[in-house]
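Chemist: Just passing along the structure, written as structure tokens.
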Amino acid sequence: MKINKNNQKSDVGAPSNGMDKVISLCKRRGFIFPGSEIYGGLANSWDYGPLGVELKNNIKQEWWRRFVHSRTDVVGLDTALIMNTKVWEASGHLKEFSDPLVECDVCKNRWRIDALDQMRARKADGSYRCPTMTASFIKGGADSYCSGKLSEPRQFNLMFKTFLGPVESEDNTVYFRPETAQGMFVNFKNVLETTRKRLPFGIAQVGKAFRNEITPGNFIFRTREFEQMEIEYFTHEKDWKAHFEMWLEEMRNWLRHLGVKKFHETEIPDGERAHYSKRTVDIEYDFPFGKKELYGLAYRTDFDLKKHMDKSGEDFRYTDPETNEKFLPHVIEPTWGVDRSVLVALLEAYHEETVKSEKLKVKSEDDEDTRVVMKFPKWLAPVKVAVLPLSKKENLSSQAKKIHEDLAKDFVCEYDETQSIGKRYRRQDEIGTPFCVTVDFESLEDKAVTVRDRDTMKQERISISELKNYLNQKLNSE
Ligand code: GAP
């Protein structure tokens, strides 16, 4: 772990628990870069590069298509990142959204106890020393750790604070949202009245959330700024169990669609759930750094609507049009982390294969090697088709550019005419492009191209007039 000049801990360059190959590929090929890299990074922040943004957008768009556009019982919303502080008073976040931390009386750094264990700061007598390295130790000197004493654990709120307007006063203090969910609760009545939906129905939102995590780390697994895809599904109390099961099944199916075959479901016991939840199932994944939460499903009861109704005075009760019963809806909340979805998609897709000989219809000088191939499901691949002229000769490249221009109207495409064809295939394998279209000298005669499949490496000769249909069919076959 590097300590920056301003003492912000950064994971840039830290050992990555077996994720090194994926992290290095992400940097090398433009999926994900360390945030503020030229200044030494910033406390485990990451920037999505040209391929990363395509990958992330594919996840968000597919999620929206599946859970909003394809259903008649869910509508979308996009609410403000900074909300009235009363929202966080009512939701309980100001009081409850905290971690127990110990503080050093000399360097003033704060840690969670589990982080101290990971940093091997426990002493023989069971107490902990401050794990901050002294400046002289960092420069190679003898003095190693800060001599400060650690306090007893105290609760520290995880919400990011800022000020509204030019005056930095208590009255102007506001918070960046730590979950997208509250935007859906406070707009419950607006949505109900404008869409005329009947229960059960859900409100979906995709957007950023901010948490001043004490121990961010493990690449994009835990960051202080991340994206969530959440649904608040409103129902009559008597139906909550059936809807809980329905959303659990939806979450399982989503994971299979994302290419994740193995995951775990853990029932969170009493006393360990978030303050608003009466039942929570965590969906967990075997990350290289251990089994950890990927997504969550919670039964939030009528907790949030009730709190907002009490605090704002707004009547959030629903009147059943058939029975005239007036009641406060209960809520099932399935929640998905976008960045954790990107991380599992990358981990699942990463393959190294020893390729004996790729029988290239299009000849290549380097057709025997190890290939790194990202086997993304086709819908998820950031680039769908690469168009590769066999040589840079004008007659070939102009034909290839025409094909690229036409395909780019329908698919995310790349055009590449540099280096050998074998190297270009490997480059496309590394970014997970499902199909490479090679334009060779025969193409000028037979008006056909060679299409190479990423996974089987099989090549087929397809006529240019049929190419778009062929690719459409293949890309939509999953
Ligand atoms: N509205 C409920 C809620 O926010 P949560 O379990 O705290 O529940 C939901 O967060 C999801 O958001 C998690 O399952 C995870 O995928 C993602 N998430 C939470 N904290 C994160 C962090 N610091 N970095 C990246 N993703 C995070």
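Chemist: Where in the range 245-290 are there GluC sites (Glu not before Pro) that are in a DSSP coil and have at most 12 other Cβ atoms within 10 angstrom of their Cβ?
Modeler: GLU272
Chemist: Now, a different point. Subtract the Cα-Cα distance of ARG461 and HIS264 from 0.36 nm times their separation in residues, and report this length gain in nm to one decimal.
Modeler: Answer, rounded to one decimal: 66.6 nm.
Chemist: With a 1.4 Å probe and every protein chain left in place, work out the accessible area per residue of the chain in Å², rounded to a whole number.
Modeler: 49
Chemist: While we're looking at this one, here's another question. Diagonalise the Cα gyration tensor of the range 98-157 and give the resulting equivalent ellipsoid semi-axes, square root of 5 times each eigenvalue, largest first, whole Å.
Modeler: Its equivalent ellipsoid spans semi-axes of 21, 13, 10 Å.
Chemist: Looking at the square roots a ≥ b ≥ c of the eigenvalues of the Cα gyration tensor of the chain, which shape do they give, rounded for a/c under 1.5, prolate if a/b is larger than b/c, or oblate?
Modeler: Oblate shape, in that a/c is at least 1.5 and b/c is the bigger or equal ratio.
Chemist: Also: Could you calculate the FRET efficiency of GLU249 with GLU272 from 1/(1 + (r/R0)^6), where r is the beta carbon distance between them and R0 is 30 Å, rounded to 0.05?
Modeler: That gives a FRET efficiency of 0.80.
Chemist: Right, another one. Which number do you get for Rg(Cα) / (2.2 N^0.38 Å) in the range 140-285?
Modeler: The range 140-285 yields a ratio of 1.40.
Chemist: Given R₀ = 22 Å, FRET efficiency for ILE113-GLU37 by Cβ-Cβ distance, to 0.05?
Modeler: Step by step, r from the Cβ atoms, then E = 0.10.
Chemist: Moving to a separate point now. So, with +1 on the Cβ of K and R and -1 on the Cβ of D and E, and no other charges, what is the size of the charge dipole of the chain about its Cα centre, to the nearest 20 debye?
Modeler: 680
Chemist: Could you tell me whether the range 379-450 comes out rounded, prolate or oblate from its Cα gyration tensor? Rule is a ≥ b ≥ c as square roots of the eigenvalues, rounded for a/c under 1.5, then prolate if a/b exceeds b/c, otherwise oblate.
Modeler: The shape class here is oblate.
Chemist: For the chain, what does the helix formula give at 222 nm: sum of -39500 (n - 2.57) over DSSP H segments with n ≥ 4, over the residue count, nearest 500 deg cm²/dmol?
Modeler: -8500 deg cm²/dmol
The values are calculated or read from the model by the stated rules, or taken from the named source; none is laboratory data. Computed from a prediction, not measured in an experiment: that's the story for all the values here. Because the Cβ atoms are built from the backbone with ideal geometry, glycine has one as well, and the counts that use them run over all protein chains shown. Heavy atoms of the whole protein, side chains included, go into the accessibility calculation; ligands, DNA and RNA do not. Shrake-Rupley method; radii C 1.70, N 1.55, O 1.52, S 1.80 Å.
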